[in-house]
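Enquirer: Pasting in a structure now, in structure tokens, and then I'll have a few things to ask.
The values are calculated or read from the model by the stated rules, or taken from the named source; none is laboratory data. This one's a predicted model, so the numbers in the text were calculated from it and none came from an experiment. Please note: Cβ atoms are built from the backbone with ideal geometry, for glycine as well, and neighbour counts cover all protein chains shown. We work out accessible area using only protein heavy atoms, side chains counted, and drop any ligands, DNA or RNA first. Shrake-Rupley method; radii C 1.70, N 1.55, O 1.52, S 1.80 Å.
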Amino acid sequence: MARRRTTVAITAAAALISTSLVAAGSQARSPAVRDAALPEATADIATPEEFFGFEMGAEGRLAAYPDVLDYLRSVAQESDRVEYETVGETTEGNEYATVFISSPENLERLDEIVALNQRLSDPRSTTPDEAKELAARSVPIYHLEATVHSTEVGNGQAINDIVHRLATEDSEFTEEVLTQSVIMLVPSQNPDGQVKVVDHFDRTAGTDLARVYPDLYQKYTGHDDNRDWTMFTQVEARYRLGLTQKYRPVMTHIMHQQGNSGERIFVPPYGGVTSPNVPANSNASSSAVGQHAMRDLTAEGKKGVGTDDYHIYWTLEQPVGFFPFTGTGVYLTEIASATDLAYPQRSKDGGPLGPQTPTQDLIQPYDKDTWTLRDIVEYAETATYSGMEYVARNGEDLLYDNLYSAPREFAENGVASGVEAYVVDADQRDPYATFEMLERLDWTQVEIDRATEPFTAGGRDFPEGSYVVRTRQPLGNWVDQLLGTDEYPVDDLPYAEATTSLPLQLGVDVVPVSAPVEVPTDRVESVEVPEVSMPAAPPTGGAYLVRPESYGTIPVAAALQKANITTFRAGQEFADAGTTYPAGTYVVPATPQARRVLDTASADVGLQVTAARSAPAVEGIQLKPRTRVGLLRGANNMPGGWDMWVMDEYGVDYDVVGAQDFQSGRLIDVYDTIVLPQGISKDDVVEGLDPAKYDEEFAWAYGVGAKGWRKLAQFVRQGGTLLAVGDSVATAQELLDLPIEPALPDDDEEFATGGSLLNQEFDTSDMVAWGMPESWPVWLYDTQAWTPTGPGADVVSTYPDQDVLASGYLRGEEHVAGTANVVSFDVGKGTVVTYGSEVTFRSLPRSSFNLLYNAVYGGPAAEVGATQLAGLRPAFRADGTLRSR
Ligand SMILES: [Zn+2]
């Protein structure tokens, strides 16, 4: 076949294509629809160079995102091959857009195509013969996502050339792509970051300042913005989910760049193990499109094409996440980056760039000593045209295999684990967690049933109202992946997370059942927060009680704090009106104002408030009124970004601790609690960002020097609460010489978890672990476990002596067994709590959030005696100062 870049007489070639497609599919097609010739492009459309004033990929020049949208809008205005749509607003108010590119005829009947793809995706309503007929009438959708990582700038430039070509060229190639497919282009999956990165780049031109934006380019998640494909916390992730669900692409092309020491471009196949829950057809088409691109890149003389890397299909939080489970192929391209975004990378030793040994994974090593932004643009364009061509040529097969056969495989044969249904007991210790889990299933269009009678399944009795989530449904594979536990199947270290068990992360009791569940059920139409109502107000001297088990108590406590409502917590178990309440129960004097706040806050999370005629006569604490919370997050610290999201989501009143806070006076006069999220080193605090490279805008992240470091230690000794998570435990240990030492060997050969859920035993009498179960897994991912080395280390939680792994992967169990995870210390007048494991990892392990937030408010709290709590006598004045006793 003629090379596709050349313009040749189209009619004969198109006829040849349609003949081969008929031969490939066994069903007759409806030629009137798909074989229509493409009308000639007549529009007068500016080239990107004419529009932006420079060639895409020109050294030192980047088209800004708003201008890219302007260009795409202008092309859509002129061309009947291009349609522009606004999807919605991003986290920071930028526009998330999508552009559909196809023949005018396909664009005209896009609704019909969508309806056909929707019907294909539910194999229960369609026989294979009908599905073949539907596939013949539809056209495949190629989802092209230009950037999700905002510093990977080349792809966002390339799309302007790509759209221009498809809108203006009359060639064999455009004829094939536009008549045989619909391109759904998302110019950026993270528009906020596109704006930040290019603005920063332009603003720093001609200065000595660093050119690359140094902070989180998505407000909360930064570079983790492609790690949100199970919880869909960010609006941008939900837009992508919505596009996938509506349009049912057969291929999702996610354009990335990688570092610049390796191959020049990575294309699938991927390396490593795959989950048996990823449809085989999804995996196979990902590999096929990658190989098609490799051949085209090679044929064009583009060297340095690598494959078989990135163990991504196992782990759900990885770039692919939810999407391949729908059957879509995931075509990830990773192109080597240039220097400072837009300047040439030159070889240091004068030799060619990248690895130089030819292998089957890198047939032709790159042979030049320079790599430019223009190279990135050209590689991106070839890889994209190739992917489009592959889908256009194989559309009918991909529609059938990826949209129809993939879900049918599981709906008919069941999932590999053999689980027929996951049963969610109606009685849960955390109803809010149960809601959040079911809501995520609902968002991904999983069908959830609710039992209308009590029943027995898997040897256990369940009450009426329990949920049954069956695996024999179109997304049964996703159900099994999300609700089951994982055993990583080989002894190679996982590329990243080795599990994403939602029940274990959120704290929900879910039972896998291997036989069909026989009970009458209703389909759940929408998942709602459990309905609760306020109890009758108790008499004077009475109190409202909120149990401490749910992480839904965090927004409730935050709301009480914000309204400055006097709030106690019982330090011991007690009984009231025949009900036992655990240590940590919130005790709120029953004022009308408290009632108003609790009414709203408890309804938001479905937590039942109860009323007691009198407060319990046990020891406890009173939360400090308006506790001043600080988050010392550092520049570009993603765990801190996720923590900001959690705090904003839950209404926690906090400030980011900045270098300016260290400049005068004492930290204790500004903050009660300072949280060090995962990944804050002494260097981050002391050195921080270099003022010579980053101007005033980033002054908050400058280093605070040795003097600031000492101030942080004084903050604790003067009564502050310091909470350190993950690697930051070592920072706190160094700051205050805490009596603990690392328990885990550094060597991956001896100990490794990837990211996994490990069992944990809690001392629930300790304030830090109030409301936790006696045992439940925590997330451990490349951070430390600890051994106390002397008195003064109160161990709050430990890994068990055996059976440590709950879900995922564990090498070297003996090293972690019996070691300490959460430890609390009194230091001077202050409190330190160290969390060796990442208890807030990417906002996922919500079942362990209370470990952090108990201490956020509990650290600065005042102790109250039994008589004082029974009498609801505050220890603090409303302004936060202590009354004299
Ligand atoms: Zn990337």
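Enquirer: Using unit Cβ charges (K, R positive; D, E negative) and no other charged atoms, how large, in debye to the nearest 20, is the dipole of the stretch 662-743 about its Cα centre?
Expert: With Lys and Arg at +1 and Asp and Glu at -1, about 380 debye.
Enquirer: Can you give the longest stretch of the chain with no exposed loop site, where a site means GluC sites (Glu not before Pro) in a DSSP loop (not H, G, I, E or B) with at most 10 other C-beta atoms within 10 Å?
Expert: 41-517
Enquirer: Also: When the chain is fully extended, how far beyond the present Cα-Cα distance does Thr47 get from Asp129, taking 0.36 nm per residue of separation?
Expert: Here the answer is 25.0 nm.
Enquirer: Further, regarding this structure: Points 7 angstrom from Cα along the Cβ direction at Glu40 and Ser765: gap in nanometres?
Expert: Placing both labels 7 Å along Cα→Cβ, they lie 8.9 nm apart.
Enquirer: So what is the relative contact order of the chain, in percent, for Cα pairs below 8 Å that sit 6 or more residues apart?
Expert: Contact order relative to length: 10 percent.
Enquirer: Let me ask something else about it. Would you mind telling me the share, in percent, of accessible area of the chain contributed by carbon and sulfur at probe 1.4 angstrom?
Expert: Carbon-and-sulfur percentage of accessible area, whole number: 46.
Enquirer: Hey, if we sort Trp443, Trp786 by accessible area with the 1.4 Å probe, largest down, what's the order?
Expert: Correct descending sequence by accessible area is Trp443, Trp786.
Enquirer: Identify the residues of the stretch 667-694 with backbone N under 16 Å of a label point that sits 7 angstrom from the Cα of Thr881 along the Cα-to-Cβ direction, or state none.
Expert: 669-670
Enquirer: Any idea which of Gly808, Gly222, Thr98 is furthest toward the positive side of the dipole for the chain, if Lys and Arg beta-carbons carry +1 and Asp and Glu beta-carbons -1?
Expert: It is Gly222.
Enquirer: Next question. Suppose the chain between Asp67 and Thr452 were pulled fully straight at 0.36 nm per residue; how much longer would it get relative to their current alpha carbon spacing?
Expert: Computed gain between Asp67 and Thr452 is 133.0 nm.
Enquirer: While we're here: Find the centroid of the Cα atoms in the stretch 573-603 and in the stretch 540-564, then give the distance between the two in whole Å.
Expert: That distance is 7 Å.
Enquirer: Using alpha-carbon pairs under 8 Å, 6+ residues apart, how would you state the relative contact order of the stretch 457-589 in percent?
Expert: Once normalised by length, the contact order is 18 percent.
Enquirer: Also: Modelled label-to-label distance, Lys693 and Asp349, 7 Å Cα→beta-carbon offset: nm?
Expert: 2.5 nm
Enquirer: I'd like the Kirkwood hydrodynamic radius of the stretch 290-408, using the inverse of the mean 1/r over distinct C-alpha pairs, in Å.
Expert: 16.2 Å is the Kirkwood radius here.
Enquirer: When Rg is the radius of gyration of the Cα atoms in the stretch 202-253 and Rh is its Kirkwood radius, what does Rg/Rh come to?
Expert: Here Rg/Rh amounts to 1.18.
Enquirer: Under unit Cβ charges (Lys, Arg +1; Asp, Glu -1), what dipole magnitude, rounded to 20 debye, does the stretch 644-701 have relative to its Cα centre?
Expert: 240 debye
Enquirer: To continue, here is another question. Per residue, how large is the accessible surface of the stretch 544-696? Use a 1.4 angstrom probe and give square angstrom.
Expert: Using a 1.4 Å probe on heavy atoms only, each residue of the stretch 544-696 averages 38 Å².
Enquirer: FRET efficiency for Ala603 and Asp427, Cβ-Cβ distance as r, R0 = 22 Å, nearest 0.05?
Expert: The value I calculate is 0.65.
Enquirer: Got a number for the accessible area of Met772? Probe 1.4 Å, square angstrom, nearest 10.
Expert: Approximately 20 Å² for this residue.
Enquirer: Contour minus end-to-end for Arg666 and Asp122, with contour as 0.36 nm per residue of separation and end-to-end as the Cα-Cα distance?
Expert: Net length gain for the segment: 189.6 nm.
Enquirer: Suppose accessible area is computed on protein heavy atoms with a 1.4 Å probe; arrange Arg264, Arg393 from highest to lowest.
Expert: Descending order: Arg393, Arg264.
Enquirer: Using the heavy atoms of the protein chains alone and a 1.4 angstrom probe, what is the accessible area of the stretch 228-387 per residue in square angstrom?
Expert: Heavy-atom accessible area per residue stands at 29 Å².
Enquirer: Semi-axes, largest first, in whole Å: what does sqrt of 5 times each Cα gyration tensor eigenvalue give for the stretch 338-448?
Expert: 47, 23, 16
Enquirer: Cut-off 16 Å, label point 7 angstrom out along Cα-to-Cβ of Glu741: give me the residues of the stretch 751-772 whose amide nitrogen falls inside.
Expert: none
Enquirer: Mind jotting down the distance between the C-alpha centroids of the stretch 166-199 and the stretch 677-749, whole Å?
Expert: Each part's Cα centre sits 44 Å from the other's.
Enquirer: State in Å² the accessible area per residue of the stretch 122-185; use a 1.4 Å probe, count heavy atoms of protein chains only, and round to the nearest integer.
Expert: 18 Å²
Enquirer: Assuming a ≥ b ≥ c are the square roots of the Cα gyration tensor eigenvalues, decide whether the stretch 733-885 counts as rounded (a/c under 1.5), prolate (otherwise, with a/b larger than b/c) or oblate.
Expert: prolate
Enquirer: Restricting attention to the alpha-carbon atoms of the stretch 490-537, what are Rg (one decimal) and Dmax (integer), both in Å?
Expert: 18.7, 59
Enquirer: Provide the solvent-accessible area of Lys693, counting protein heavy atoms only and rolling a 1.4 Å probe, rounded to the nearest 10 Å².
Expert: Spelled out: Lys693, probe radius 1.4 Å, area about 100 Å².
Enquirer: With each run of n ≥ 4 DSSP H residues scored as -39500 (n - 2.57), what mean residue ellipticity at 222 nm is computed for the chain after dividing by its residue count and rounding to the nearest 500 deg cm²/dmol?
Expert: The per-residue figure over the chain is -9000 deg cm²/dmol.
Enquirer: Computed on alpha carbon atoms, what radius of gyration and Dmax characterise the chain, expressed in Å?
Expert: My reading of the Cα-based Rg and Dmax gives 29.1, 96 Å.
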